[in-house]
1. With respect to Leu22, determine if the residue is surrounded by 22 or more Cβ atoms within 10 Å (Cβ to Cβ) and of a type outside the set (Ser, Thr, Tyr).
2. Taking into account only those residues within the range 28-61 that are in a loop (DSSP other than H, G, I, E, B) and among the charged types (D, E, K, R), which is nearest to the chain's Cα centre (by Cα)?
3. Give, as residue ranges, the strands (runs of 3 or more DSSP E) completely inside the range 182-297 that count at least 2 residues that are within 22 Å of Leu129 (Cβ to Cβ).
4. Taking the condition modelled with pLDDT of 95 or more, open to solvent by 10 Å² or more (accessible area, probe 1.4 Å) and either in a loop (DSSP other than H, G, I, E, B) or among the β-branched types (Val, Ile, Thr) (or both), does Thr17 pass?
5. Test Ala163 against the stated conditions and say whether it is at pLDDT 95 or above and either in contact with an Asp or Glu (Cβ under 6 Å, 6 or more places away or on another chain) or surrounded by 18 or more Cβ atoms within 10 Å (Cβ to Cβ) (or both).
6. Sort out which residues of the range 223-273 are surrounded by 21 or more Cβ atoms within 10 Å (Cβ to Cβ), closer than 19 Å to Ala202 by Cα and of a type in the set (Gly, Ala, Ser), and write them in order of number.
7. Being in contact (Cβ under 8 Å) with a residue 40 or more places away in the chain, open to solvent by 30 Å² or more (accessible area, probe 1.4 Å) and under 29 Å from Pro69 (Cβ atoms): is that true of Leu281 here?
Amino acid sequence: MTGRQEVDLTAPLGGGTVPNPLSTAAGCAGFGRELARFTPLDQLGTLTTRTVLPRAGAGAPGPRVVPVPAGVLNAIGGQNPGVEGFLRRELPWLAERGVRTVVSIGGHRLEDFAELAARLAGRDGVRGLELNLSAPGAADRGVLFAANPAVSYDVVAAVKAVAPGLPVYAKLAPDTGTVTEVAAACVAAGADGLSMVNTARAMAIDLDARRPALAAGAGGLSGPALRPIAVHCVFQVHAAMRAGRMPAVPILAMGGVRTGRDALEFTLAGASGVAVGSELLRDPTAPLRILDELRAELTTRGFAAYTDAVGLAHRTTTTKDSDD
């Protein structure tokens, strides 16, 4: 016996709570079947699914995933079973296992998001929705949703109108230059939380083929290279909440989380939940390992509860942060 009090890992989800702050980043765990061989899914705070679209799609041609220094590039291109396939095969499987499922949804039009939300509202096992506003191709009238506060507002408002009782998280991009403005617009429209951040647009060149390494050209950068950017985005948005420029809502942070120290860094920056993404490709046992490491980090630093650490980095900051 150490004599130390067990850390309370309860974390917020929308207006409710979940047993711990660990989730999976959309896409990296699929719909949970493969991950379940290595990680008991009901022990996660939540599981965020691969993005579901209105209709099934095979995705982009290969190569679709390319390793780069300190990260991974991907251009999956919307591979998914469509909402009918998800409701018929994937969601019942998750519900039977008691998984607290957050369904990532996306589309090319505002109406796609509203249609999907209406189909998913009230379904057994669905604990929330994540709106993939920042995936390549998620655009309305040629505008990336997450690059435009007004368009993002409209998407969130449309979803909340058809799924008023379901926690809705807006997933934001790290490289639009307007992350705080978009975050404020999403919260004003009724978002119950924010997921931060999606991958950053990037490219690698195949020297032998003399062309982009991804078949799609550019793709999304994830992994440790993304983490400092993601931490800054979370810090900016939490600072805006503390300053009263938008109501405070939970932030689910993601981007290069590989250890409990990484999870704590996001938490101190202002996140009240952390999702594991590309690390799952290297270590499918990572979520519970990271959760144990986070618990140890909190215990060592004398925290009685996970939520006590949220945003503490702001209390010792003396320089003004901005979107510059």
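The values are calculated or read from the model by the stated rules, or taken from the named source; none is laboratory data. Just so you know, these numbers come straight off a predicted model, no measurement behind them. FYI the Cβ positions are ideal-geometry reconstructions off the backbone, even for glycines, and counts take in every protein chain you see. To get the accessible areas, we keep the full protein, side chains included, count just its heavy atoms, and leave off ligands, DNA and RNA. Shrake-Rupley method; radii C 1.70, N 1.55, O 1.52, S 1.80 Å.
1. Working: surrounded by 22 or more Cβ atoms within 10 Å (Cβ to Cβ): yes; of a type outside the set (Ser, Thr, Tyr): yes.
Considered against the rule, which asks whether it is surrounded by 22 or more Cβ atoms within 10 Å (Cβ to Cβ) and of a type outside the set (Ser, Thr, Tyr), Leu22 comes out as yes.
2. As a first pass, look at the range 28-61 and keep what is in a loop (DSSP other than H, G, I, E, B): 28-34, 38-40, 44-46, 49-51, 53-56, 58-61.
Still in the list and also among the charged types (D, E, K, R): 33-34, 50, 55.
Details: Arg33: 19, Glu34: 19, Arg50: 11, Arg55: 22 Å.
Among residues in the range 28-61 that are in a loop (DSSP other than H, G, I, E, B) and among the charged types (D, E, K, R), the one nearest to the chain's Cα centre (by Cα) is Arg50.
3. Values: elements: 193-196, 200-202, 219-222, 251-254, 273-276.
Passing ranges, in order: 193-196, 219-222, 251-254, 273-276.
4. Working: modelled with pLDDT of 95 or more: yes; open to solvent by 10 Å² or more (accessible area, probe 1.4 Å): yes; either in a loop (DSSP other than H, G, I, E, B) or among the β-branched types (Val, Ile, Thr) (or both): yes.
Taking the combined requirement at face value, the residue satisfies it.
5. Working: at pLDDT 95 or above: yes; either in contact with an Asp or Glu (Cβ under 6 Å, 6 or more places away or on another chain) or surrounded by 18 or more Cβ atoms within 10 Å (Cβ to Cβ) (or both): yes.
The answer is yes for Ala163.
6. Gly223, Ala230, Gly255, Gly256
7. Working: in contact (Cβ under 8 Å) with a residue 40 or more places away in the chain: yes; open to solvent by 30 Å² or more (accessible area, probe 1.4 Å): yes; under 29 Å from Pro69 (Cβ atoms): yes.
Judged against the criteria, Leu281 is a match.
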